[in-house]
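**Q** Below is one structure. I have some questions about it.
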């Protein structure tokens, strides 16, 4: 089936207007343990895994592209974390979508369309440019311009945003995180099943990860790897399933003229 531009997701509201307030009814607190077997069985989504399959520690992050705290982690902490823990075989890292609005959905749909080798680069790029597209009065156009810089055309952009199966899967993933894991805000990390919510520095993650590594193998953080301060305010962007926007269905064909 060929999709036209009118069939794509309608991204007409700025991220600020779509920001959610309130929290999930069943919240997990920092330190709460979640069963790893359940965590490793995401509903409706195929994980994009970085790192060695047999790494002793698994870190899962639920993130939203419109969340400023998620952007702070991606922009300031992720690269030194990757160098110290993922690239060295200590950590298997999984970034999972937590879709709070259609802008979040669009970014992850574009990442999926870019392919597994480019997935994290697409997400990272949108975190770096969050202040550009996330505050635009025409966010769809702003997201498209960045997508073009990543190699998308108008046609491949429109096609990426019509992946209804992926959107439905991300909705299922969100509901699982809320209802089974008690996720209450983004970002939320799970370190071998231990819940860590909100802004986390490299030192804070190291304090959780290093005791789980074989004796004598914990990395020494590189000089100058202390991240920049996270955004002021709450340490996690609260979420609720009730206000999430769903994509607009394709319009029905017009009736033939008599």
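Read-outs: derived from the displayed coordinates by stated rules, not from any lab. Note that the coordinates shown come from a computational prediction; the quantities given were computed from them, not determined experimentally.
**Q** Shape of the range 24-213 from its Cα gyration tensor (a ≥ b ≥ c, root eigenvalues): rounded if a/c is under 1.5, otherwise prolate when a/b > b/c, or oblate?
**A** Since a/c reaches 1.5 and a/b is larger than b/c, the shape of the range 24-213 is classed as prolate.
**Q** Counting only DSSP beta bridges with both residues in the range 24-213, what percent are antiparallel, rounded to the nearest 5?
**A** 60 percent
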